[in-house]
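Structure, as structure tokens:
FYI, it's all coordinate maths here, none of it is from the lab. Remember, predicted model here, so these are calculated numbers, not experimental data. Note: ideal-geometry Cβ built from the backbone for every residue, glycine included; neighbour counts use all protein chains shown.
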Amino acid sequence: MTAVAKAEGRAFSDRSPVARSYRRFLGRASLLMFALVIISAYLLPLLYMVTTAFQQPGQSTTPGAPVYPATAQTATYQGKDYPLYSVPMPDGSTRQLILVEPGRESSGFIDPKDPSSTKIEWVGRWRTLQQTWTFAPLVENFSTAWTQLNFPRLLRNTFLIALLSTFGAVLSSTLVAYGFARFRFRGKNALFIILIATIILPFQVTLLPQYILFTWLGWNGTWLPLIIPHCFANAYNVFLLRQYFLSIPRELDEAAMIDGAGPFRVLRSVIIPQAIPAIVAVSLFHFFFAWNDFFVPYLYLASKPELQPLSIAIQQYNALYASQPTLIQASALMTMAVPIVVFLLAQRAFMRGVVVTGVEK
Amino acid sequence: MTATIEEIPSARPPARTFRLRPSVRESLWGYAFIAPWLVGLALFTAGPMLVSLALSLTDFNLVKPEAMKFVGLENYARLASDPTIWQSLIATFKFALFAIPLTMGASLGFAVLLNHPKLPFKGPLRALVYMPVMIPLVASTLVWLGFLNTETGWLNAILGAIGLPRIDWINSEAWVYPALSLIGLWGIGNFMLINIAGLQSVPTELYEAARMDGAGAWTQFRRITIPLMSPVLLYNLVIILIGTFQYFTQAFVITNGRGDPNNATLFMNLVLYREGFVFNHMGYAAAIAWLLFVIVLGLTLVLFAFARRRVYYAGGER
């Protein structure tokens, strides 16, 4: 071992603290590099999205076009625009020339620096030449998609639906979780098992009767089917909140009760202030569940563009404009911007919540 | 911990005035607080389940509900002979064959990597892998659809660059399942976090003892990590399996609900959607929903029966 170290010209012994910490640093750095490479590959489609969203329409289908957003350069010659090509010259150099007379076997080029000079005849097929591209991100993709989709309306709809359904879901789930966490009543355990069992119940089984019910109530084509069913607590939220409520010492409740507080007062003044992290996690989860949901909004709002949330609208947008990937990717980027930013800001709350609901079962 | 209201003597009311016993009062409050869920269970779960069972025995059509007829088990008999149902079952099975191992493997692989004791910046790296879960499914599917595009997608460009042939990911009956499984990779965040929690619950003494006995990293993983994590892996497997049979949005987005190519992506949920909401055969759609429920329940029970023998619970028999 020491021989190797010497052979590499290191002055210190392999067992010295410096060498050890250097090796540890190297180990950590290479592991980090490995993780970064894997994660970059995993997230590569996001880079595709960003790149495409800024590209010129049709750039991706143009042969020879670069990956980054770019335009083919043109130059003006005698008042007209001509494309610019990288032309390999007989002397081995490459020159940027304007293609003015494309021909089958030979073409006429003009030097853009010296337009008045004679035409350069180049022998060979011009289609094999590389066009000159310059970096040019096209922001208009976003403004086009923004207006075509009526994005402000979509954002407002998505936000309102998500907000109202989160409010109902968190309020009801808090009440129910409090009931399960703090009161003794007959059948509590059986009811709690039924609550948890609803997680594996496929939603299709209740889908058709709900649809018929909502249609008969005249709610089809409104936001109510997207909001009202969530106002009756759901298993995930109740489970997470109950676990958290159970961890709050009962002595706090009792102290409040001795001071004459009723159950609602205890919930409001003791439990909820103590459980803010769990309530925030549940609210975030539900908000983005509602933000991202597709099937139920599609079922009730497919024919109501003025009430649709984002995910329905961009699906229908894709059905219309699938041939224009630049617009589709721009719309996808705008749709995911809010959830991603909020997630990155509040990732700890999210990721803790997952583990509570997932593992402690 | 178990001290409750009735143990406080002063809470006992004087005998003359009419008051409920504290334990009765406590259970009334309990029922009152869980009432929202009980009402919801009756209105949106239990009631609809019964109605849907009843519907599946009729030829109900929302457009002309008055013409409804009781047809007995006719819808269920039709299920067995409907080639579309069989095709969708086979499609789901083929998809599961790719998606389940890929999801389980990738979520475990990421968990092991991002829980490595020597890895710095674990928190931010985990957040990056989790992040795609937050992306609306429609948007992430559209991104992948572009990424997998035969002519202009990057994946084929990368394959071409290393000398492999281009693949017609979305429009080929054979490749659409691996393609959808790749899209599904962006949903592994939850499973990865649950796996990480599982990895962290394995006692380190076991690894130390194994190292003393000369066990290498792979042996430790096979003989200690996997057995001790089996309850967590089972939980993930059940959730993934249910998800596979509920599969809808991505398949709907890639072909706008047509089920192309050649009905290869016409999964059960798409058939149900089509029968129930496009063709208005609500009775038949209800029968499909129940078939789906029976399959999911059956597979879950089979998994649990299997788990009884193969899953190790550190706390002894449960």
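Each of B:His281, B:His116, A:His230 was scored by other Cβ atoms within 10 Å of its Cβ. Listed from fewest to most, they are B:His116, B:His281, A:His230. Convex hull of alpha carbon positions in segment A:74-131: directionally averaged projected area 3.7 nm².
I need A:Ser21, B:Ser23, B:Ser172, B:Ser107 ordered by Cβ neighbour count within 10 Å, fewest first.
A:Ser21, B:Ser23, B:Ser172, B:Ser107
Cβ crowding within 10 Å ranks A:Tyr298, A:Tyr321, B:Tyr284, A:Tyr48 as A:Tyr321, A:Tyr298, A:Tyr48, B:Tyr284, fewest other Cβ atoms first. Volume per residue for segment A:150-359 equals 154 cubic angstrom (convex hull of Cα atoms). Within the straight-line cut-off of under 20 Å between alpha carbons, the aspartates and glutamates reachable from A:Lys119 are A:Asp81, A:Asp91, A:Glu101, A:Glu105, A:Asp111, sequence neighbours fewer than 8 places apart in one chain being disregarded. Computed from the C-beta positions of A:Phe135 and A:Ala302, the FRET efficiency with R₀ = 45 Å rounds to 0.65.
Put simply, the amide H of A:Tyr77, placed in the peptide plane, has neighbours under 5 Å in A:Tyr82, leaving out anything fewer than 5 places away on its chain. Angle of helix A:151-182 to the longest C-alpha principal axis of chain A, folded into 0 to 90 degrees and rounded to 10: 30°.
Can you pull the mean other chain C-beta count within 10 Å for peptide B:246-257?
Mean shielding count: 3.
Using C-alpha pairs below 8 Å separated by at least 6 residues, the relative contact order for chain B is 24 percent.
Across chain A, the relative contact order, built from alpha-carbon pairs under 8 Å that are at least six residues apart, equals 19 percent.
Semi-axes of the equivalent ellipsoid of segment A:132-179 are 43, 14, 4 Å, computed as sqrt(5λ) over the eigenvalues of the C-alpha gyration tensor in descending order. How high is the FRET efficiency between B:Glu173 and A:Leu160 when r is their beta carbon distance and R₀ equals 56 Å, given to the nearest 0.05? Approximately 0.85, to the nearest 0.05. In chain B, one over the average inverse separation of all distinct C-alpha pairs is 24.0 Å, which is the Kirkwood hydrodynamic radius. With the Kirkwood sum run over all distinct C-alpha pairs, segment A:172-297 has a hydrodynamic radius of 16.5 Å. How big is the Rg/Rh ratio for the protein assembly as shown, C-alpha atoms only, Rh by Kirkwood, two decimals? Result: Rg/Rh = 1.05.
Within 10 Å of each Cβ in peptide A:173-183, how many partner chain Cβ atoms are there on average? Round it to a whole number, please.
Per residue, the number of nearby Cβ atoms from other chains is 5 on average.
Against chain A, whose longest principal axis is taken from its Cα atoms, helix A:140-149 shows a tilt of about 40°.
For a straight C-alpha distance cut-off of 12 angstrom, the aspartates and glutamates reachable from B:Lys69 (same-chain residues fewer than eight places away being disregarded) are B:Asp59.
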